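So the structure is just underneath, and the comments pick up after that.
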Amino acid sequence: MATLSGKTALVTGSTSGIGLAIARGLAAQGANIMLNGMGDPAAIEAERSGLAKEFGVEVLFNGADLTKPDQIAALITEIDTKLGGVDILVNNAGIQHVSPIEDFPPEKWNAIIGLNLTASFHTTRLTFAAMKAKKWGRIVNIASAHALVASPFKSAYVAAKHGLLGFTRTIALEGAEHGITCNAICPGYVKTPLVEKQIPDTAKARGMTEAEVIKTVILAAQPTGEFVTVEDITALAMFLCSDAGKSINGAPLSIDGGWTAQ
Ligand code: NAD
């Protein structure tokens, strides 16, 4: 029997990149999945039905905009009703904006704090009581190396991710006696649409070409000189969700090729 058979996982922002890979990993372990995120409806439906067929689990999709608390509440209610509540919560949805502080648009600040930090507060507060009642839960927050260190021109993102790590530690303490763990995975650069989209803006902010940004900003941060892969992150998330991960709680888990060791 698959390890997570009978469990239900909500992976926010799972129509792309890291979230999609983690959703796939959890489905492969036998968990039922609620997918969430934006994107082309036909592509999302193909992904949803493909996962369900390949792994023989229930896979649903809810396109809640997680900057909207009422849509988050409706998302959790749908999971409670159709999949028996959330056992594994992966707070992954995130956006980025790169700009010097004097030009940083306030609406981008609000959107980043709303999605990268506040949405995790709402998903957690709405699922925590049920995890406590079941005496088992796993909360995996996809933070960033930017939860631990800063880079210029990413004020909102760095603030949100540092905040998410503080939130992670608090929830770890609140869940510790109830069989619930809460950890923050802190990846370095992963080649997903989120990173691909910021290359032109970083080039503009730093007065560089895009090729120079990849070489001297992105990969220069990582002593391995290589991108972290979505498979690396998925494997770590699977460990945290396994029984072997039960004593890892409140930890920032760097997976960054050595970036934050410097
Ligand atoms: P991505 O752009 O590939 O995926 C982001 C996901 O969030 C997509 O599914 C998107 O539809 C969803 N999303 C965007 N706005 C949303 C909204 N308002 N409501 C609901 N869903 C929304 O990015 P990714 O690189 O896979 O990023 C996933 C997480 O990993 C983010 O939190 C990001 O900060 C973090 N992270 C990424 C990297 C990296 O280098 N790619 C590094 C460290 C941390």
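The values are calculated or read from the model by the stated rules, or taken from the named source; none is laboratory data. Please read all numbers here as calculations on a predicted model, not as lab measurements. All Cβ positions, even for glycine, are placed from backbone atoms using ideal geometry, and neighbour counts span all protein chains on display. In case anyone asks, the SASA skips ligands and DNA or RNA and just uses the protein heavy atoms, side chains included. Shrake-Rupley method; radii C 1.70, N 1.55, O 1.52, S 1.80 Å.
For the reader, a short list of remarks on this structure follows.
- Residue count for region 106-141, restricted to those that are open to solvent by less than 10 Å² (accessible area, probe 1.4 Å) and not in a helix (DSSP H, G or I): 5
- Residue satisfying condition, being surrounded by fewer than 17 Cβ atoms within 10 Å (Cβ to Cβ) and modelled with pLDDT of 90 or more, within set 179, 250, 175: 179
- Among the candidates 137, 114, 166, 175, the residue that is free of Cβ contacts under 8 Å to residues at least 24 places away in the same chain and not assigned by TED's automatic domain parsing to the domain that holds residue 217 is uniquely 166.
- Region 85-105, subset free of Cβ contacts under 8 Å to residues at least 40 places away in the same chain and part of a helix (DSSP H, G or I), residue most open to solvent (accessible area, probe 1.4 Å): 102
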